[in-house]
Structures are given as structure tokens and as C-alpha cells.
Amino acid sequence: MNTIFRAVRRWAAAVGGAMALLALQGCATPPKPYDYTAYKEAKPVSILVLPPVNGTPEVQATPSVMVQMVQPLAESGYYVMPVSLVDETFKSNGMHTPDDVQQIPPAKLREIFGADAGLYVKVTRYGSVYKVLNSETAVTLEAKLIDLRNDRLLWEGSATASSAEQQNSSQAGLIGLLVQAVVEQIIASTTDRSHPMAGLASQRLLAAGRPNGLLYGPRSPSYGKP
């Protein structure tokens, strides 16, 4: 009887420990709220999107990302400097690379464009990775919003979008998976599947109202709301 009793106690303790572990995992600490003090004091109205620095081997990463950042910023309530005007202005002044552009002093950018804030972006991932049974196309962006009037950091964040989010587990068997992988690789190699992922990543990064994301701009009906 004592042996059975001890076995039951050990089993109960093990179950209790497992349940406690699951409870801790289910109650993971939420991300620390972002400090928007400087952001709210600055109250930027206009934003200059600088050409993103490309940290990947894909040459199309910079233009693909840059053209898709205007819409979420505008929809968030900000006036955004026209991309074509910004690009032409830099090139006409001998600034042909994003690295050169992002080294320009904020005060000078303010003088040229009159914008309140500059968005400094880096593309850390852009393109497709091929595996045995599938392929993944992903884009990862990092960004900082800088007050061009005083070089103060207002906000920073990052976002990722991946085709793996849309891939469902297949029940077609090994042969079916291999065929599917070959088809996906052919499509990825003949089309720019990263471009829509760049748009999704830009939306996640710059759409106001997301946790620890950008605040709404003065052109938004949600401006100033918590």
C-alpha cells in the first residue's frame, strides 16, 4: 500500500509540475510598453523616408521597400515626401547610395526638404531560402524615426513578413512535397516573390496603432487618442 501511495504522490507531483510549466508559458511576460515621451513632444507632421540601407545580396531590396513605405505612413496620418522627388534630389547632389544618404546630418535634411522627421530603414533580410521540401521568401526591416530638428530618436522598431506564414502542412506524401518544392522554387526564381512580402513587412512596421508601433499622425482621425 505504501508503495502505491508513494507512486501516486510522485505522479501527482509530476503532473502538477507540468501544469505549472504550461501556466507559466501561457502567461508569458508581455513586451515592455514603448516610451513615447519624445515622440509626443515632437509631434511630427511630415516624414522624409530615406532610401533603405540594403544589408542583403538582393539589389532590388532598397527600391522595393522604399516605394511601399509611403502608403502606411500616409494612412497613419502623416505627410510623406514624394519618393521620386527625394530620390532625384539625392542623385542630383551626388548621393547615389543609401549609406551615403543616411550619413547626411539631420539638420541638412531638414534644410533641404523641410520635413519634421526622417525615417531611417535597414533591410536585413530580403529573398528566398530554398530547402529540401519547401522554400521561404521573407523580408525583415528595421527602422528609426529621427527628429530632423534636433537629431532626437522618436521611435524605433522592426517587422518581418514571410511566405511561410501562408504555407499549410500538406498531406500529399513525400513525392507530393518534393514536386511542390520544385514548383515553388521555379516560381521564386522567375518572379520577385519578395516584393509583396516587403509590402506586408512595411505595413506591419509603419501602420499606426500596432503595439509599440508608430503613433497616429495629425491627419488621422485617431490622432492624439491613446
- prompt: Can you name the residue in the range 95-129 that is within 12 Å of P51 (Cβ to Cβ) and hydroxyl-bearing (S, T, Y) and is also modelled with the lowest pLDDT among such residues?
  reply: T97
task: Need at least 2 residues that are under 15 Å from the mean Cα position of the chain (by Cα) and of a type in the set (G, A, S) per element, so show me which helices (runs of 4 or more DSSP H) inside the range 29-134 make the cut, counting only ones lying wholly within it.
output: 61-66
task: Would you be able to say whether some residue in the range 161-178 is within 22 Å of Q102 (Cα to Cα), surrounded by 12 or more Cβ atoms within 10 Å (Cβ to Cβ) and at pLDDT 90 or above?
output: no
- prompt: How many of the residues in the range 137-162 are in a loop (DSSP other than H, G, I, E, B) and touching a Phe, Trp or Tyr at 6+ places or on another chain (Cβ under 7 Å)?
  reply: 0
message: So for the range 138-157 (the condition being at pLDDT 95 or above, basic (K, R) and either over 22 Å from G213 (Cβ atoms) or surrounded by 19 or more Cβ atoms within 10 Å (Cβ to Cβ) (or both)), does at least one residue qualify?
response: yes
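For every residue, the table says whether it meets (1) surrounded by 17 or more Cβ atoms within 10 Å (Cβ to Cβ); (2) touching a strand residue (DSSP E or B) at 6+ places or on another chain (Cβ under 8 Å); (3) within 21 Å of V45 (Cβ to Cβ).
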{"residue": "P82", "(1), (2), (3)": "no, no, yes"}
{"residue": "V86", "(1), (2), (3)": "yes, yes, yes"}
{"residue": "N93", "(1), (2), (3)": "no, no, no"}
{"residue": "A107", "(1), (2), (3)": "no, no, yes"}
{"residue": "A117", "(1), (2), (3)": "yes, yes, yes"}
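The values are calculated or read from the model by the stated rules, or taken from the named source; none is laboratory data. The model shown is predicted, which means the values in this text are computed figures rather than measured ones. All Cβ positions, even for glycine, are placed from backbone atoms using ideal geometry, and neighbour counts span all protein chains on display.
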